[in-house]
Amino acid sequence: MTHGSLFSGIGGFELGAQWCDVETLWSCEIQKFQRSILQQTFPDTKIYEDIRELSKPQYVDIISGGFPCQDISVAGKGIGITGSRSGLWGEMYRVIRQVKPRYVLIENSPMLLIRGFERVLCDLSKIGYNAEWQCLSNADFGFDHSRERVYVIAYSNKVKRQAGRIQKRGEIKTIFIPPSKQYSRFPFSKRIYEMPDCEHIGVNDGIQGWTHRVGAIGNAVNPCLAKYLFECIKIFENQLE
């Protein structure tokens, strides 16, 4: 299967896909520092810069994206999905409509459920997608912190029709499989603690770089959880064959 990533950050979804032998053909990330990490880690992946300028990228089986949550999260002003940043969901929806992948992965704050989730579901329904969702935390995967997020797996009507024939026999009921602690590896907190101290406090080439790294990690999707989501899709897909 193939994968395209929107709002890619430092590549949490890309890394999870790689662990599941799913090839990421393209990514899209507007922040320069994050793009530099993507280029270093995934040199063979085409990288786009601004989702607002991205049009009709190459077909992929799966599109993932954690569109901005600043207008949705409890830490923000609560404007919701119509805000200037979280409203970029509209651009993600446009790309999904153009590419028409078999599956869509969405990550966001749990507050999305009351600040715009109906918009997401209605938009997906308009172009022939059904969706399942769960609120999952890093603690569900053996990490020592919560970081709860809502995760959506949407699938096309074609996939639904294929699944319908199998569901009649009672073989599959949901695309989500029970999470297991086997997915826990490389905790982000451990990486932060292992970062060396800066030799020159207050100099831009010291503190600034460290700040970029911490900020990028803080905004990233946990790749262990991303791996779980890709495995859910692959197991579901294999049952359709």
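Below, the figures for the structure above:
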read-out: Criterion violated by S27 - all others in (1) hydroxyl-bearing (S, T, Y); (2) under 24 Å from R213 (Cβ atoms); (3) out of contact with any Lys or Arg (no Cβ under 8 Å at 6 or more places or on another chain) satisfied; value: (3)
read-out: Subset tally (residues that are at negative phi, surrounded by fewer than 20 Cβ atoms within 10 Å (Cβ to Cβ) and not in a helix (DSSP H, G or I)) for segment 118-142; value: 8
read-out: Within segment 44-56, tally of residues that are surrounded by fewer than 18 Cβ atoms within 10 Å (Cβ to Cβ) and part of a loop (DSSP other than H, G, I, E, B); value: 5
read-out: Count - residues of segment 111-149 that are touching a residue at least 40 places away in the same chain (Cβ under 8 Å), over 17 Å from L229 (Cα atoms) and not basic (K, R); value: 5
read-out: When residues of segment 14-32 are limited to those that are in a helix (DSSP H, G or I) and open to solvent by less than 30 Å² (accessible area, probe 1.4 Å), the one nearest to M1 (Cα to Cα); value: A17
read-out: Leading residue by the ranking (modelled with the highest pLDDT) among those in segment 83-105 that are open to solvent by less than 10 Å² (accessible area, probe 1.4 Å) and assigned to a loop (DSSP other than H, G, I, E, B); value: P101
read-out: Subset of segment 56-95 (residues that are within 19 Å of R149 (Cβ to Cβ) and of a type in the set (V, I, T)); value: I62, I63, I72, V74, I81
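The values are calculated or read from the model by the stated rules, or taken from the named source; none is laboratory data. Bear in mind that the values here come from a model prediction, so they are computed numbers and not experimental data. In this analysis, Cβ positions are derived from the backbone assuming ideal geometry, glycine residues included, and neighbour counts consider all displayed protein chains. Each accessible area value is taken on the protein alone, full model and side chains, heavy atoms only, with ligands, DNA and RNA left out. Shrake-Rupley method; radii C 1.70, N 1.55, O 1.52, S 1.80 Å.
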